[in-house]
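Here's the structure, in structure tokens; my notes come after.
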């Protein structure tokens, strides 16, 4: 086997000349990630997009991230709606009916359907109308906003309109909820147990699925034109509008009102699913449907006041890039937060142009209307839901059972099903853990090179452009490197755990070096030199939508493992990259397994029979259970060599055994209930 007494010098030469490495000064002076915590009011900027191809790739990522965030990846089964439409009342030019259907078995969505009269049999455009956080929900009828006004006018103009509840408002909720409670308080009740976060079960996820199923309902209607579906709503209804447009291709046009903002992203749990805006903003999410027609309506008296100079041009840049500048309009009116007559008439004109295909849609003004009494619009005025309606706890249990069934259906049983598992779960893994593979943005800063005994030690710093990370790294090489493996070692206490008091390699690091392989040691997020007690005070993972805007400690540390492995792979061509973690860091290594060629993981005797351990600060990541937890991530590395030790009695490995059997790679997978010695680990890593 070839050997090289100067592997580190060769590495440093490569670092200094590689075109894929940015200048050292572009790394921040210190790791920035544990600093200011982002929240819904943190100003955002729209990224510079250079090409159609770049945007299409980013739009795909945003769509996947939104679905994963909402607990809708993979999409649930579309079970029968069993829709009920009844109580028809005919008025001048339109009719009103009551509607309810099941979006999930045991959950009923209710609303009102407005249809044109005396305009033939259609087919007609059909518009969803989520209501937002008006105090009376879909019954709201004030100067600032009226759901009935727009639905009646849409119908009189020749379009079907469906107004449906947000969860907790009017007729939509759970039979065990207090019927007389204020709607908004009921609204915020859903899925507040922290365990729900492990399955990405959230109010936003439920409402997004309700909107998808409401589109299904519109498509099922006789007289509805499936090619001319649309959605519009204000405030929280505006959020539902652009979220639906981002995850579903069916809306031919959309009109999110007073909600697309660079400075405020939404203040309710129905707008802040975990992971949604760690990397993206409402501006980018609203741009995903491009080039489908869209109008943004803003107000001078709320957070959309900069739309004419910030949000509109930002979203418009994507429409221009796609040669569709005429398909976006953005306007601002001199009002406070609203969906008033002026704002509605802007939408009438826009939908008249793109849905009714009118040559001069400016003639569509609001006709006088009379809203039906609340009691006549209510589906269940006595607040008694159908007998099949599930109480909240039972409903959430049914969602978890659904997710378990999805995972079981994806369980690899042969090579074909293994490929299918990877295709579905790789995006789930990336977005659940908020992983970015450094591609062209890896930054490396070379520092001091010294000799410590028979070893050559290089001090480096690495990170990713624009991400604020700066990882202290030690690259240690033996006198004669066999150039087979480069072993990345992760430890909960950082790189110092692998060194003696004099800075020489110790323990497992020394055992590996003495077998002829180089090692890479690093301080992960908030460990070693990056440890900061002050940062913990602001990183309250269950407070104020923290996870909607920030990575948890676990997510950051898994990303660091991925970043260090990417550094090792790009600068040591021809060698296998082995990732080995001990203690809690063994669990980071399992979650980062797809980034390495070989993984050895200490499972820390973690008890996965319950959820308590996964709610701890150092192991918490929303959606971790839904993606199959540690085994789900590691299975994506099949058929690479994988060693699990110190599993204890309750660390689930069945999925991994099945994945390796399906890939005909059983010999590549080894599990040990006991903790292996450093000698045994070094021996296995040297194979």
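Each reported figure results from applying straightforward, stated rules to the coordinates on display, with no laboratory input. Just so you know, these numbers come straight off a predicted model, no measurement behind them. Counting neighbours? That spans all protein chains shown, and the Cβs are built from the backbone with ideal geometry, glycine included.
By DSSP, the beta bridges lying fully in the stretch 552-687 are antiparallel in about 0 percent of cases.
Only beta bridges with both residues in the chain are counted; by DSSP, about 50 percent of them are antiparallel. With both residues required to sit in the stretch 118-365, DSSP beta bridges show an antiparallel share near 5%.
Overall size of the stretch 118-365 from C-alpha positions, given as principal axis extents largest first: 52, 42, 32 Å.
Hey, what's the Kirkwood Rh for the stretch 168-303 if you take every pair of different alpha carbons, in angstrom? Spell out each step's value before the answer.
Details: mean 1/r = 0.0622 Å⁻¹.
Computed over Cα pairs of the stretch 168-303, the Kirkwood hydrodynamic radius comes out at 16.1 Å.
Over the chain, DSSP H runs of length four or greater, each weighted -39,500 (n - 2.57), average out per residue to a 222 nm ellipticity of -9500 deg cm²/dmol. Relative to the dominant Cα principal axis of the chain, helix 7-17 is inclined by about 40°.
Against the chain, whose longest principal axis comes from its Cα atoms, helix 147-157 is set at around 70 degrees.
The fraction of all Cα pairs in the stretch 355-402 landing in successive 10 Å bins from 0 to the largest distance is 18, 20, 20, 19, 22, 2, given as whole percents. Compared with the dominant principal axis of the Cα atoms in the chain, helix 553-571 is inclined by about 60°. The order of the peptides 582-590, 356-364, 458-466, 441-449 by mean Cβ neighbours within 10 Å, most packed first, is 582-590, 458-466, 441-449, 356-364. Using alpha-carbon positions, what is the distance between the centroids of the stretch 64-132 and the stretch 384-452, in Å? Comparing the Cα centres of the stretch 64-132 and the stretch 384-452, I get a distance of 30 Å.
A simple packing score, the average count of other Cβ atoms within 10 Å per residue, orders the peptides 643-651, 79-87 as 643-651, 79-87, with the highest score first.
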